[in-house]
1. Net charge around Ala76, counting only other residues with Cβ within less than 14 Å of its Cβ (Lys, Arg = +1; Asp, Glu = -1)?
2. Please give the helix 182-192 orientation as an angle from the longest Cα principal axis of the chain, in degrees from 0 to 90, rounded to the nearest 10.
3. In whole Å, what are the extents of the range 130-203 along the principal axes defined by its C-alpha atoms, from largest to smallest?
4. Based on a Kirkwood Rh over C-alpha pairs, give the Stokes-Einstein translational diffusion coefficient of the chain at 37 °C and viscosity 0.692 mPa s in µm²/s.
5. Sorting His126, His29 on the 10 Å Cβ count, fewest up front, what's the list?
6. Have a look at Asp269, Asp250, Asp163 and tell me which one the Gaussian network model of the chain (Cα, springs below 10 Å) gives the largest fluctuation.
7. Could you give me the ³J(HN,Hα) list for the range 41-57, computed from phi with Karplus coefficients 6.51, -1.76, 1.60 and θ = phi - 60°, whole Hz, x at Gly and Pro?
8. What FRET efficiency do you get for Ile85 and Val285 if R0 is 22 Å and r is their Cβ-Cβ distance, rounded to the nearest 0.05?
Amino acid sequence: MSTRSVPNPASRPQGYRGRFAPSPTGPLHLGSVLAAFGSWLLARHAGGQWWVRVEDLDPPREQPGAAQCQLQTLAAFGFASDGPIAWQSERHALYRDAIDRLLAQGLAFECFCSRTDLAKTGGIHHACVSGPRRGRIPAIRLRVPRGSDVAYDDLIQGRIVQDVGAEVGDVVLRRADGFWAYQLAVVVDDADQNITDIVRGADLLDSTPRQILLQRALGLPTPRYAHLPLVVDGEGRKLSKSLDAVPVDDANPLPALRAAWRMLGQRPDAIAECRDIPATLAAAVAALELDRIPSGSIALHNAGVAIAP
């Protein structure tokens, strides 16, 4: 991994548009706020836009009312979308069109393999396993040849290189249960919304090379990427999978906002005197130092804040 480079603000291309795209699987916790705050900060620091998209394409995992709860939390923290809030559940035609194009070009194919079928290869798909197809609905996969290396420069994590063919295999675009896969939806949506910069948690580092391959297959532009440090519990688990994932307090957002600022490696004194959300956000944009953002995971107990009453 190479040394990270921090671009000169004056040399940044015009038209920066970032986004925050939560899945409505529960209330926002401190890790979610860190991702939202980080993406919002980098957009404002670049003088760009920041959009919100609700990734509601996985009904079995979604909680009723979670999306509205998340939007309420974002509003409480002062994070207002600069564009209309998009809902993936309203964008099926876009995903269907992308799949149809890939299938027509031979870049995607139907796959009847189950997880059990692929167990011997560690879940990595290189060729369909022969077996009974009766009653099965096929998944749709992107064809990924061996030796499909992808390299890109992440603003925070440095140089990232992955052989997608060897480490991931053929990428699922539509699941066997009929739902659109995350990789397809996020690539199509980012292009459709003209997203130029994707700032998100480091748990999605591994997804980025396969998304870049899909962008190339669809003839879409590749955004710039920055993967923020991941907030983990005492056992190193991501907060969304941890019992420590306590929702932030919408009625008193300043403590969580200050904690997220510290976890982004920024100087606490830069916002210490601010007593409300607008003043804190304005001071944070003015004081942001990109080269101070850490690349590694951050333990929740180091946040130094009571998240909720």
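Here, each number is a calculation from the coordinates, and none is a lab measurement. Note that the structure is predicted; figures quoted are calculated from it, not measured. Reconstructed Cβ throughout: ideal geometry from the backbone, glycine too, with neighbour counts over all protein chains shown.
1. -3
2. 70
3. For the range 130-203, the Cα spread along each principal axis is 47, 30, 19 Å.
4. Translational D for this selection: 160 µm²/s.
5. His126, His29
6. Looking only at Asp269, Asp250, Asp163, the biggest GNM fluctuation is shown by Asp269.
7. Coupling constants for the range 41-57: 4, 5, 5, 5, 4, 8, x, x, 9, 9, 10, 10, 10, 8, 8, 9, 10 Hz.
8. Efficiency computed from Cβ-Cβ geometry: 0.50.
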